[in-house]
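The block underneath contains the structure these notes are about, expressed in C-alpha coordinates.
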Amino acid sequence: MQLDELDVALVRLMIEEPKAGSREYARILGVSRGTVQSRIARLERSAVLSSYSPHVDPDAMGFSVEAFIQLHTAQGMIDEVSASVAGVPELLEAYATTGGGDLLCHVVARDNKHLERIVTQIQRLNGVLRTQTEIALSKRVPYRILPLLTSRALDTTLG
(Lines give C-alpha, C1' and ligand atoms only; values in the text may rest on other atoms or scores of the structure.)
Protein backbone atom coordinates (compact mmCIF):
# COMPACT_ATOMS: atom_id res chain seq x y z
CA MET A 1 0.00 0.00 0.00
CA GLN A 2 1.30 3.44 -0.89
CA LEU A 3 1.27 5.84 2.06
CA ASP A 4 0.89 9.55 1.42
CA GLU A 5 2.02 12.38 3.69
CA LEU A 6 -1.30 12.45 5.59
CA ASP A 7 -1.13 8.70 6.22
CA VAL A 8 2.42 9.03 7.57
CA ALA A 9 1.50 12.03 9.73
CA LEU A 10 -1.53 10.16 11.11
CA VAL A 11 0.41 6.99 11.89
CA ARG A 12 3.17 9.07 13.52
CA LEU A 13 0.57 10.73 15.75
CA MET A 14 -0.96 7.37 16.60
CA ILE A 15 2.46 6.08 17.66
CA GLU A 16 3.51 9.18 19.57
CA GLU A 17 0.08 9.91 21.13
CA PRO A 18 -1.78 6.57 21.18
CA LYS A 19 -4.50 7.74 23.58
CA ALA A 20 -5.36 11.01 21.81
CA GLY A 21 -8.26 9.75 19.68
CA SER A 22 -9.50 10.64 16.22
CA ARG A 23 -10.94 14.04 17.20
CA GLU A 24 -7.55 15.19 18.49
CA TYR A 25 -5.71 13.70 15.51
CA ALA A 26 -8.04 15.62 13.19
CA ARG A 27 -7.43 18.86 15.08
CA ILE A 28 -3.64 18.46 14.96
CA LEU A 29 -3.62 17.44 11.29
CA GLY A 30 -6.09 20.13 10.24
CA VAL A 31 -8.52 17.69 8.62
CA SER A 32 -12.03 16.49 9.47
CA ARG A 33 -12.66 13.73 11.97
CA GLY A 34 -14.34 11.74 9.17
CA THR A 35 -11.14 11.95 7.11
CA VAL A 36 -9.11 10.63 10.04
CA GLN A 37 -11.58 7.80 10.66
CA SER A 38 -11.67 6.78 6.99
CA ARG A 39 -7.86 6.85 6.80
CA ILE A 40 -7.59 4.70 9.92
CA ALA A 41 -10.14 2.23 8.51
CA ARG A 42 -8.20 2.01 5.23
CA LEU A 43 -4.91 1.49 7.10
CA GLU A 44 -6.54 -1.27 9.17
CA ARG A 45 -8.02 -3.00 6.08
CA SER A 46 -4.63 -3.02 4.39
CA ALA A 47 -2.96 -4.30 7.62
CA VAL A 48 -0.63 -1.30 7.88
CA LEU A 49 -2.24 -0.88 11.30
CA SER A 50 -2.34 -4.37 12.72
CA SER A 51 -2.65 -3.89 16.47
CA TYR A 52 -3.66 -1.52 19.21
CA SER A 53 -2.05 -3.60 21.94
CA PRO A 54 -0.09 -1.88 24.68
CA HIS A 55 3.66 -2.46 24.81
CA VAL A 56 4.46 -4.70 27.79
CA ASP A 57 8.04 -4.71 29.03
CA PRO A 58 9.17 -8.21 30.14
CA ASP A 59 12.05 -6.69 32.14
CA ALA A 60 9.56 -4.72 34.25
CA MET A 61 7.81 -8.04 35.02
CA GLY A 62 11.05 -9.64 36.27
CA PHE A 63 12.26 -11.22 33.02
CA SER A 64 15.61 -9.43 32.84
CA VAL A 65 17.44 -11.92 30.61
CA GLU A 66 16.75 -11.69 26.89
CA ALA A 67 18.18 -14.28 24.53
CA PHE A 68 18.03 -15.57 20.97
CA ILE A 69 18.06 -19.31 20.39
CA GLN A 70 18.91 -20.56 16.90
CA LEU A 71 17.28 -23.95 16.29
CA HIS A 72 18.49 -26.52 13.81
CA THR A 73 15.58 -28.78 12.93
CA ALA A 74 15.25 -32.15 11.30
CA GLN A 75 14.41 -32.08 7.59
CA GLY A 76 10.74 -31.26 7.05
CA MET A 77 10.05 -30.63 10.76
CA ILE A 78 10.04 -26.82 10.93
CA ASP A 79 6.22 -26.57 11.08
CA GLU A 80 5.98 -29.13 13.89
CA VAL A 81 8.86 -27.51 15.79
CA SER A 82 7.28 -24.07 15.34
CA ALA A 83 3.99 -25.33 16.75
CA SER A 84 5.77 -26.98 19.68
CA VAL A 85 7.97 -24.02 20.54
CA ALA A 86 4.86 -21.80 20.54
CA GLY A 87 3.89 -23.67 23.71
CA VAL A 88 6.86 -22.16 25.59
CA PRO A 89 5.45 -19.17 27.52
CA GLU A 90 8.79 -17.34 27.59
CA LEU A 91 8.99 -17.36 23.78
CA LEU A 92 8.20 -13.86 22.50
CA GLU A 93 8.55 -14.56 18.77
CA ALA A 94 10.13 -16.98 16.32
CA TYR A 95 11.31 -16.55 12.74
CA ALA A 96 12.14 -19.08 10.04
CA THR A 97 15.61 -18.11 8.80
CA THR A 98 18.21 -18.79 6.18
CA GLY A 99 21.83 -19.44 7.04
CA GLY A 100 23.15 -21.53 9.90
CA GLY A 101 19.85 -22.54 11.45
CA ASP A 102 16.19 -22.96 10.68
CA LEU A 103 14.30 -21.08 13.40
CA LEU A 104 15.37 -18.05 15.45
CA CYS A 105 13.57 -17.85 18.79
CA HIS A 106 13.46 -14.70 20.92
CA VAL A 107 12.97 -15.62 24.57
CA VAL A 108 13.06 -13.99 27.99
CA ALA A 109 13.97 -15.44 31.37
CA ARG A 110 14.20 -14.35 34.99
CA ASP A 111 17.88 -15.31 35.26
CA ASN A 112 20.48 -17.56 33.62
CA LYS A 113 19.26 -20.69 35.44
CA HIS A 114 15.76 -20.03 34.16
CA LEU A 115 17.17 -19.52 30.65
CA GLU A 116 18.97 -22.85 30.92
CA ARG A 117 15.66 -24.58 31.74
CA ILE A 118 14.02 -22.91 28.74
CA VAL A 119 16.85 -23.96 26.41
CA THR A 120 16.69 -27.52 27.74
CA GLN A 121 12.91 -27.60 27.25
CA ILE A 122 13.34 -26.45 23.64
CA GLN A 123 16.18 -28.90 22.98
CA ARG A 124 13.90 -31.76 24.03
CA LEU A 125 11.22 -30.88 21.47
CA ASN A 126 10.66 -33.44 18.74
CA GLY A 127 12.51 -32.35 15.59
CA VAL A 128 15.09 -30.09 17.27
CA LEU A 129 18.56 -31.39 16.41
CA ARG A 130 20.64 -28.73 18.18
CA THR A 131 20.54 -25.17 19.41
CA GLN A 132 22.83 -22.18 19.74
CA THR A 133 21.95 -19.54 22.33
CA GLU A 134 23.08 -15.93 22.45
CA ILE A 135 22.25 -13.67 25.39
CA ALA A 136 21.50 -10.04 24.64
CA LEU A 137 23.61 -7.74 26.82
CA SER A 138 21.60 -4.62 26.05
CA LYS A 139 19.13 -3.29 23.52
CA ARG A 140 20.98 -0.69 21.44
CA VAL A 141 18.17 0.15 19.01
CA PRO A 142 14.64 -0.56 20.26
CA TYR A 143 11.86 -1.54 17.87
CA ARG A 144 11.02 1.45 15.75
CA ILE A 145 8.95 2.15 12.67
CA LEU A 146 8.95 5.94 12.26
CA PRO A 147 12.21 6.12 10.24
CA LEU A 148 10.83 3.54 7.82
CA LEU A 149 7.51 5.39 7.54
CA THR A 150 9.31 8.63 6.86
CA SER A 151 11.54 7.11 4.19
CA ARG A 152 8.54 5.37 2.55
CA ALA A 153 6.66 8.66 2.43
CA LEU A 154 9.66 10.31 0.82
CA ASP A 155 9.91 7.47 -1.71
CA THR A 156 6.26 7.89 -2.76
CA THR A 157 6.64 11.67 -2.95
CA LEU A 158 9.80 11.47 -5.06
CA GLY A 159 8.87 8.33 -7.01
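Here are some notes:
- 3J(HN,Hα) from dihedral phi, segment 112-120, Karplus parametrisation 6.51/-1.76/1.60, rounded to Hz, x for glycine, proline: 5, 5, 5, 4, 4, 5, 5, 4, 4
- Simple Cβ-charge dipole of the chain, Lys/Arg +1 and Asp/Glu -1, about Cα centre, in debye nearest 20: 340
- Signed unit charges on C-beta, dipole axis of segment 26-159, positive-most listed residue Ile69, Leu115, Ile28: Ile28
- Percent accessible area from carbon and sulfur atoms, the chain, protein chains only, probe 1.4 Å: 52
- Each residue, Ala20 and Asn126, gets one label point 7 Å from its Cα in the Cβ direction; the gap between the two is 5.2 nm.
- GNM top mover of Ser22, Ser84, Ser53 - the chain, alpha-carbon springs below 10 Å: Ser53
- Across the chain, the relative contact order, built from alpha-carbon pairs under 8 Å that are at least six residues apart, equals 26 percent.
- Accessible-area order (highest first, 1.4 angstrom probe) of the listed residues Met61, Met1: Met61, Met1
- Based on protein heavy atoms only, segment 28-114 ends up with 60 Å² per residue of surface accessible to a 1.4 Å probe.
- Of the chymotrypsin sites (Phe, Trp or Tyr not before Pro) in segment 1-106, the ones in a loop by DSSP (not H, G, I, E or B) with at most 15 other beta carbons within 10 Å are Tyr52.
- Taking a sphere under 15 Å around the Cβ of Val85 and counting the other residues whose Cβ falls inside, with K and R at +1 and D and E at -1, yields a net charge of -2.
- Restriction of the trypsin sites (Lys or Arg not before Pro) in segment 1-48 to DSSP coil positions whose beta-carbon has at most 15 other beta-carbons within 10 angstrom yields Lys19.
- For the chain, the 222 nm mean residue ellipticity estimated from helices alone, with every DSSP H stretch of n ≥ 4 adding -39500 (n - 2.57) and the total spread over all residues, rounds to -12500 deg cm²/dmol.
The values are calculated or read from the model by the stated rules, or taken from the named source; none is laboratory data. Quantities reported herein were computed from a predicted structural model and do not represent experimental measurements. Because the Cβ atoms are built from the backbone with ideal geometry, glycine has one as well, and the counts that use them run over all protein chains shown. Please note that ligands, DNA and RNA were not included when accessible areas were found on the heavy atoms of the full protein model with its side chains. Shrake-Rupley method; radii C 1.70, N 1.55, O 1.52, S 1.80 Å.
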